[in-house]
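Q: Just passing along the structure, written as structure tokens.
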Number of protein chains: 2
Amino acid sequence: MDQQSFRRFGHAMVDWVADYMTAVEAMPVSARVEPGEILRALPADPPAGPEPMERIFDDFRKTILPGMTHWQHPGWFAYFPANTSPPSILAEILTAGLGAQCMSWATSPAATELEEAVLGWLGKMLGLAGGFTGVIQDTASTSTLVALLTARERATGFASGRDGMRRPLVVYASEEAHSSVEKAARIAGYGRENLRLVPTDEAYAMIPAALERAVEEDGKRGLEPCCVVGTVGTTSSTAVDPLDAIGDICRARGMWLHVDAAYAGTAALLPEMRWILRGAEKADSLVVNPHKWMLTGFDCSAYFVRDSAALVRTFDVSPEYLRTAADDRVRNYRDWGIALGRRFRALKLWFVIRSYGVEGLRAVVREHLRLAGLFRAWVEEDRRFELMAPSPFGLVVFRLNDGRGEEALDALNRKLLALINATGKVFLTHTTLRGRYAIRLSIGQATTAERHVRLAWEIISKAAADLLPHPG
Amino acid sequence: MDQQSFRRFGHAMVDWVADYMTAVEAMPVSARVEPGEILRALPADPPAGPEPMERIFDDFRKTILPGMTHWQHPGWFAYFPANTSPPSILAEILTAGLGAQCMSWATSPAATELEEAVLGWLGKMLGLAGGFTGVIQDTASTSTLVALLTARERATGFASGRDGMRRPLVVYASEEAHSSVEKAARIAGYGRENLRLVPTDEAYAMIPAALERAVEEDGKRGLEPCCVVGTVGTTSSTAVDPLDAIGDICRARGMWLHVDAAYAGTAALLPEMRWILRGAEKADSLVVNPHKWMLTGFDCSAYFVRDSAALVRTFDVSPEYLRTAADDRVRNYRDWGIALGRRFRALKLWFVIRSYGVEGLRAVVREHLRLAGLFRAWVEEDRRFELMAPSPFGLVVFRLNDGRGEEALDALNRKLLALINATGKVFLTHTTLRGRYAIRLSIGQATTAERHVRLAWEIISKAAADLLPHPG
């Protein structure tokens with residue numbers, strides 16, 4: 001493809017994205033396809049000769065698009081947001097065009113130093129105490145794995161290969177912690193059996209006394225308490241673990257404290273929400289995903305670590321072919337995580353922070369919190385519904401409750417969610433809390449406005465009315 | 001930023017990328033900056049209010065660009081290529097615009113099924129035997145880690161957490177294998193101590209008899225031989241391990257065979273190069289990076305696995321909030337690797353394969369091989385130089401040798417490389433082979449043509465003449 005064609009199709013695709021930003025509202029949020037439907041529409045063999053870009057672009061619109069679930073839809077209330085924004089998309093064009101591989105300082109000095117600068121900004125924006133150094137990972141799953149690996153190495157004197165993994169190291173997290181903690185514990189060789197899921201209180205937050213008891217019992221059994229993952233904003237109900245008390249326990253026992261604030265950490269942009277990170281100054285590491293709620297397109301997971309030397313010691317490999325003259329004076333981010341190759345991800349975060357400014361980003365988050373507050377109030381005022389958890393962020397967890405038995409309520413709410421999502425105008429997902437089925441409405445996409453939240457409530461109310469035709 | 005501004009800046013950035021594709025040739029390949037120079041040019045604090053995109057884009061060009069090392073420069077002969085192409089960049093615009101999170105089938109059905117289809121294509125294009133299933137990972141480091149983790153779990157009956165990592169599992173790779181094997185062995189808890197670096201022959205390829213001896217000795221010492229990593233195209237010299245013989249040893253011992261063909265696998269697009277994957281049908285897993293040599297922008301690492309059930313069993317976690325109605329009928333790629341969140345990476349590979357066609361991609365690879373052959377011949381014909389390894393792909397490994405002692409030769413060639421790279425017109429890197437310093441010239445960027453390789457040779461010849469003013 002020559003330069004002129006690239007230019008022409010590049011403009012056409014930018015225009016398509018610009019149109020998509022508003023056109024998406026008229027599309028069903030979640031794809032209306034059956035398993036295998038797209039696959040069957042695709043040829044089983046690659047083309048021998050070149051195909052014109054017109055046709056490829058056309059197939060994208062006709063075959064791929066109808067099979068997409070639209071994360072940037074204003075009616076997206078599922079899971080957590082993974083929002084993006086025009087400045088983030090613009091930066092991705094440049095990143096793709098540069099095609100730089102940012103593994104070492106020497107392979108892309110500006111990318112390395114921009115990452116250092118922008119994560120310094122982000123730390124300040126979130127009110128993190130000094131002493132943390134930031135690096136961009138792809139996801140919070142990876143960030144949590146990186147934390148568990150560094151904790152493992154620190155606990156074994158960086159000799160897990162010699163004898164460490166023969167020692168039974170234990171990880172602690174609340175029973176509401178994200179599944180990535182279990183996945184990381186398995187990958188890092190702690191094993192599922194050495195992951196303790198600590199009980200939570202009525203707000204689904206970890207009970208520090210229960211953590212302390214678990215740690216003591218393990219110690220008595222000859223196991224080695226190694227790492228605690230505290231969550232700020234759990235996935236099911238955005239509960240906030242008491243980092244302050246957990247941090248004290250970790251410090252007293254020499255355990256690594258990792259804070260998973262992947263979704264909710266963004267709320268710490270707001271001075272009035274800073275309380276959520278109280279105690280984070282006692283943490284060894286912390287993850288916040290700008291790709292969730294900070295208008296920065298996936299992937300961009302900010303991992304902050306106190307002892308970056310321990311991190312580097314866990315991951316560094318320096319074969320001759322990667323050595324450069326600058327090595328002793330620079331950061332080589334390849335040694336700050338698992339993958340050697342790295343995309344230039346700092347650029348989009350830089351574009352977003354500058355384009356919105358800190359106040360602009362705060363305004364977006366504040367509006368999402370206001371909308372969640374509105375929705376929460378509607379649920380509370382409607383006697384057919386009940387809130388299932390406090391959830392102080394953009395998420396509201398609720399269910400229909402007409403007093404029938406718990407099993408029947410689960411079935412009722414499963415039906416309710418199916419009716420809601422069948423409209424195609426909004427998309428919500430579910431969870432369980434203490435074993436009970438609950439519906440999650442998560443507000444955080446860039447274009448979600450009050451009218452979309454009102455529409456969601458109308459759809460939910462109507463579906464409830466259809467299921468409960470005779471209010472008691 | 002409103003839709004109209006996005007459109008305007010999107011066009012401007014596409015135009016910038018289009019111009020960059022040719023303008024880059026006039027820029028120094030590797031950045032001419034000192035450590036800290038870019039960082040000092042960036043403000044220490046984020047802006048409180050929004051900044052205009054004009055200014056941000058301007059800063060990108062004035063501050064960031066001069067600090068970039070240009071991987072897409074036609075004079076890029078460093079490391080391995082990480083080439084990209086117009087269709088790949090176009091697809092990235094759409095991927096960024098959709099902002100989809102492709103963790104599960106339900107969260108993006110078309111992305112999941114396109115990934116399945118396109119990796120099916122790729123397997124056929126590379127002549128892989130049936131029975132392999134593909135999934136896109138971010139990098140070969142991650143793919144190799146995924147292989148070592150799956151091997152670990154299979155060897156321990158998927159119970160490494162209970163007792164597996166208390167068992168001493170051993171990994172084997174050649175002494176020329178990539179550093180990511182050591183990194184993966186450490187992360188996965190095998191430990192550096194249980195990684196055996198098997199000796200290589202005069203072509204730097206693993207000696208199967210030496211592998212067999214090492215396996216036997218470990219068995220006698222009560223250790224458990226678990227996994228072998230065979231390399232097709234080592235980093236230092238693109239040596240090809242004899243997969244056929246290695247595969248027989250693995251099958252006889254029940255060991256997992258992982259093939260790292262990250263760079264060189266792309267050459268298997270050519271029927272005349274298919275021999276490099278002879279024996280791959282005995283492998284359990286194999287990685288090829290389209291983001292290295294197949295015109296697909298980073299990141300896109302294709303991981304092929306035979307027993308996908310073992311892979312999924314290693315990584316799956318199914319908390320309630322991730323369950324969907326389709327789960328028993330679909331692939332949820334979140335369970336095929338480490339990270340939960342996933343970008344829509346299949347789109348760019350689809351765009352590239354269709355836009356070039358299989359023959360078009362073959363033509364690109366063939367031309368790179370031809371250019372490497374040319375350069376290799378020039379080195380051979382010039383009595384001042386010697387080839388350091390056979391290197392049957394786009395890489396040529398050589399050094400100046402005027403007969404002085406080995407230590408002195410190392411110093412001489414270090415000087416030579418510094419002189420070459422100081423021109424800013426080409427960028428080469430180095431390695432060591434059997435402890436001796438060697439210069440690597442790797443041909444594989446999309447726009448590298450014969451005149452660039454000729455220029456490289458002129459620069460190298462002139463630098464050699466400067467260092468050896470009086471030919472003997």
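Q: Looking for something at the interface with chain A (Cβ under 8 Å from one of its Cβ atoms), free of Cβ contacts under 8 Å to residues at least 40 places away in the same chain, assigned to a loop (DSSP other than H, G, I, E, B) and out of contact with any strand residue (DSSP E or B) (no Cβ under 9 Å at 6 or more places or on another chain) - is there at least one such residue anywhere in segment B:18-28?
A: no
Q: Could you tell me whether any residue of segment A:39-50 is crowded, with 16+ Cβ neighbours inside 10 Å, more than 7 Å from chain B (Cβ to nearest Cβ) and either within 23 Å of the chain's Cα centre (by Cα) or over 30 Å from B:A23 (Cβ atoms) (or both)?
A: For segment A:39-50, residues crowded, with 16+ Cβ neighbours inside 10 Å, more than 7 Å from chain B (Cβ to nearest Cβ) and either within 23 Å of the chain's Cα centre (by Cα) or over 30 Å from B:A23 (Cβ atoms) (or both): present.
Q: Can I ask one more? Would a scan of segment B:58-73 turn up a residue that is under 23 Å from A:R8 (Cα atoms) and under 27 Å from the mean Cα position of the chain (by Cα)?
A: So far as segment B:58-73 goes, yes, one or more of its residues are under 23 Å from A:R8 (Cα atoms) and under 27 Å from the mean Cα position of the chain (by Cα).
Q: Anything in segment A:13-38 that is aliphatic (A, V, I, L, M) and buried (at least 16 other Cβ atoms within 10 Å of the Cβ)? List them, or say none.
A: A:M13, A:V14, A:V17, A:A18, A:M21, A:V24, A:M27, A:V29, A:A31, A:V33, A:I38
Q: Tell me which of these B:L311 doesn't satisfy, since it passes every other one: (1) part of a loop (DSSP other than H, G, I, E, B); (2) buried (at least 16 other Cβ atoms within 10 Å of the Cβ).
A: Result: B:L311 fails condition (1) only.
Q: Report, by residue number, each residue of segment A:363-421 that is of a type in the set (F, W, Y) and closer than 30 Å to B:G49 by Cβ.
A: Answer for segment A:363-421, where residues must be of a type in the set (F, W, Y) and closer than 30 Å to B:G49 by Cβ: A:F375, A:F393.
Q: Another question about this same structure. Of all residues in segment A:284-311, which are more than 19 Å from the chain's Cα centre (by Cα) and in contact (Cβ under 8 Å) with a residue 24 or more places away in the chain?
A: Passing the criteria: A:D284, A:R306, A:D307, A:S308, A:A310, A:L311.
Q: Being farther than 30 Å from A:G435 by Cβ and basic (K, R) narrows it down to one of A:R383, A:R370, A:R399, A:R414, so name that one.
A: Result of the check over A:R383, A:R370, A:R399, A:R414: A:R370.
Q: Find the residue count for segment A:371-412, including only residues that are in contact with a helix residue (DSSP H, G or I) (Cβ under 9 Å, 6 or more places away or on another chain) and either under 15 Å from A:S461 (Cβ atoms) or of a type in the set (A, V, I, L, M) (or both).
A: 19
Q: Going through segment B:51-74 one residue at a time, which ones are more than 7 Å from chain A (Cβ to nearest Cβ) and more than 30 Å from B:R454 (Cβ to Cβ)?
A: B:P52, B:E54, B:R55, B:F57, B:D58, B:D59, B:R61, B:K62, B:T63
Q: State which residue pairs qualify: first residue farther than 14 Å from A:A188 by Cβ and inside segment B:175-187, second residue among the basic types (K, R) and surrounded by fewer than 24 Cβ atoms within 10 Å (Cβ to Cβ) in any location, beta carbons under 7 Å apart, and separation of 6 or more residues or different chains.
A: Listed by first residue and then by second, the contacts come to B:E182/B:R192.
Q: Going through A:R436, A:R376, A:R383, A:R440 one at a time, which residue ends up being in contact with a strand residue (DSSP E or B) (Cβ under 9 Å, 6 or more places away or on another chain) and more than 25 Å from B:A325 (Cβ to Cβ)?
A: Answer to the selection: A:R376.
Q: Consider A:G435 against the criteria (1) surrounded by fewer than 21 Cβ atoms within 10 Å (Cβ to Cβ); (2) more than 30 Å from A:D201 (Cα to Cα): it satisfies all of them except one. Which criterion is unmet?
A: Among (1) surrounded by fewer than 21 Cβ atoms within 10 Å (Cβ to Cβ); (2) more than 30 Å from A:D201 (Cα to Cα), A:G435 violates only (2).
Q: Another question, then. Out of the residues in segment B:413-432 meeting the condition of being among the hydroxyl-bearing types (S, T, Y) and within 10 Å of chain A (Cβ to nearest Cβ), tell me which one is surrounded by the fewest Cβ atoms within 10 Å (Cβ to Cβ).
A: Per the criteria, the residue is B:T432.
Q: Would you point out which residue out of A:A203, A:A214 is surrounded by fewer than 22 Cβ atoms within 10 Å (Cβ to Cβ) and more than 26 Å from B:F158 (Cβ to Cβ)?
A: A:A203 is the lone residue from the list that is surrounded by fewer than 22 Cβ atoms within 10 Å (Cβ to Cβ) and more than 26 Å from B:F158 (Cβ to Cβ).
Q: In segment B:239-256, is there at least one residue being under 19 Å from the mean Cα position of the chain (by Cα), in contact (Cβ under 8 Å) with a residue 24 or more places away in the chain, within 30 Å of B:E92 (Cα to Cα) and within 14 Å of chain A (Cβ to nearest Cβ)?
A: no
Q: Moving to a separate point now. Being more than 20 Å from A:A78 (Cα to Cα) and hydroxyl-bearing (S, T, Y) narrows it down to one of A:S285, A:S236, so name that one.
A: The match here is A:S285.
Q: Something else: In segment B:112-146, which residues are at the interface with chain A (Cβ under 7 Å from one of its Cβ atoms), under 19 Å from A:P46 (Cα atoms) and buried (at least 24 other Cβ atoms within 10 Å of the Cβ)?
A: Residues satisfying the conditions are B:E113, B:L114.
Q: Which number in (1) farther than 28 Å from B:A110 by Cβ; (2) at the interface with another protein chain (Cβ under 10 Å from one of its Cβ atoms) marks the one condition that B:V358 misses?
A: (1)
Each reported figure results from applying straightforward, stated rules to the coordinates on display, with no laboratory input. Keep in mind it's a predicted model, so treat the numbers as computed, not measured. Note that we place each Cβ from the backbone using ideal geometry, even for glycine, and neighbour counts take in every protein chain shown.
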